[in-house]
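Read through the structure below, which is laid out as structure tokens, and then see the notes.
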Amino acid sequence: MSPLLQAALTIFVGVFGCVGYFYAANVVLDKVIFPAKGEQAGRNINRANLVRPWIFLFPAVTALSLYLVYPVIGSILRSLHNRAGDEFIGLGNYVALFSDETFREAVINNALWALIVPASATFLGLVIAQLTDRLSWGNIAKSIIFMPMAISFVGASLIWRFVYAVDADIGLINAIRDFFGLDVLDPLQVPFWNNLFLMVILIWIQTGFAMVILSAALRGIPEETVEAAIIDGTGPLQLFFRIKVPQIMGTIVVVWTTITILVLKVFDIVYTMTGGNLGTQILPSYMMAFMFRDDGRATAVAVVIMIVVLPVMIWNIRQARSEMR
């Protein structure tokens, strides 16, 4: 069967299967389990209305349990076994992790990514959103800045490989160094700074996302507060940082935490650019290093990443809910 036919068949079965499920479930609920007849009609209708939401939630809950909850529990159990998975070793994999210098390097690098990338992308997105709203061609500028979001992380990494190329005729950094008469170098082999060069790629991608969300938030600020501040003699910088920014702080935090969650899971950029070598190891790339030779150690790293990401996700959900109130 051709892939196109498979896709069409999957869509057909999925859509009509969902419609058939909901229709049949409602018929059974309303006519078989809680029929709206006789003296119990009113009570049965109320009971059916209490059960009906769970009917609609059942497919989603089943899918989440099958594809999310079960793998998480399985990964935690797997991380407590040896390489072959046939011997329970308790926290042995975790002890080995925290005694590994490369793991500590990955944790430090991940912390740097989590501090620098969300802050930079959110700040640049906020500034660009404010500046482009003042331009007549601001929508064109926003489209150009948002364009990297349409590129995969691997594709973006390949683009930036040319920027960091050692050849001064190709690489932008070495072209600038050559212009000032400096020796060429490989930016990805410079200790510590190579991590920053990799972060620039993700900042370049995520700035467009932050800009779009924060631009919408800025446009939602009541004009009355802005006009009152201008009448009171507030300058442009004070108007932006003391009037506008506090009113969209909730949105800024949501954008910040969303990018933070992405940063803690990023793998493609590091793997494509350096493979985690040259002091650029992060937790996902460290996990991949053990994926095919020590499954227990790899799943232990995955559990550590999940534990690190979980508080940020909970905070993000709470902020999003507070924004909706």
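The values are calculated or read from the model by the stated rules, or taken from the named source; none is laboratory data. Just so you know, these numbers come straight off a predicted model, no measurement behind them. For neighbour counting, all protein chains shown are included, and Cβ atoms are generated from backbone atoms with ideal geometry for every residue, glycine included. All accessible areas refer to the heavy atoms of the entire protein, side chains included, with ligands and DNA or RNA removed. Shrake-Rupley method; radii C 1.70, N 1.55, O 1.52, S 1.80 Å.
Among D30, D169, D133, the residue with the largest mean-square fluctuation in a Gaussian network model of the chain, with springs joining Cα atoms closer than 10 Å, is D30.
Summing Lys, Arg as +1 and Asp, Glu as -1, what charge do residues with Cβ under 14 Å from the Cβ of R52 carry, R52 excluded? So the surrounding residues net to +1.
Considering only A60, A41, A289, the mean-square fluctuation computed in a Gaussian network model of the chain, springs between alpha carbons under 10 angstrom, is largest for A41. Each peptide in 155-163, 208-216, 107-115 was scored by the mean count of other Cβ atoms within 10 Å over its residues; highest first, the order is 208-216, 107-115, 155-163. Which of G220, G275, G38 ends up with the largest GNM mean-square fluctuation for the chain, with Cα atoms connected below 10 Å? Maximum among the listed residues: G38. Proximity of backbone amide H atoms, modeled 1.01 Å from N, is registered between H81 and I89 at under 5 Å, excluding neighbours fewer than 5 places apart on the same chain. Ranked by the mean number of other Cβ atoms within 10 Å of their residues, highest first, the peptides 276-287, 183-194 come out as 276-287, 183-194. Loop-located trypsin sites (Lys or Arg not before Pro) in segment 1-79 (DSSP state not H, G, I, E or B) with no more than 16 neighbouring Cβ atoms inside 10 Å: K37.
Only one of (1) 59, 51, 37; (2) 93, 71, 45; (3) 72, 42, 36 was calculated from the structure for Cα extents along the principal axes in Å, and its label is (2).
Considering only P284, I269, A175, and ranking their Cα positions along the charge dipole of the chain that arises from unit charges at the beta-carbon of Lys, Arg, Asp and Glu, the one farthest toward the positive end is P284. Reported to the nearest whole Å, the Cα centre-to-centre distance from segment 6-83 to segment 169-207 is 52.
Share of carbon and sulfur in the accessible area of segment 97-232 stands at 69%, probe radius 1.4 Å. With R₀ fixed at 30 Å, the C-beta to C-beta distance from E105 to I151 puts the FRET efficiency at about 0.60.
Using Cα positions and a limit of under 20 Å, work out the aspartates and glutamates in reach of K244, with same-chain residues fewer than 8 apart set aside. Counting by Cα, and skipping residues close in sequence, K244 has these aspartates and glutamates nearby: D133, E223, E224, E227, D232, E323. Looking at segment 82-112, the GluC sites (Glu not before Pro) that sit in a DSSP loop and have at most 11 other Cβ atoms within 10 Å of their own Cβ are E87.
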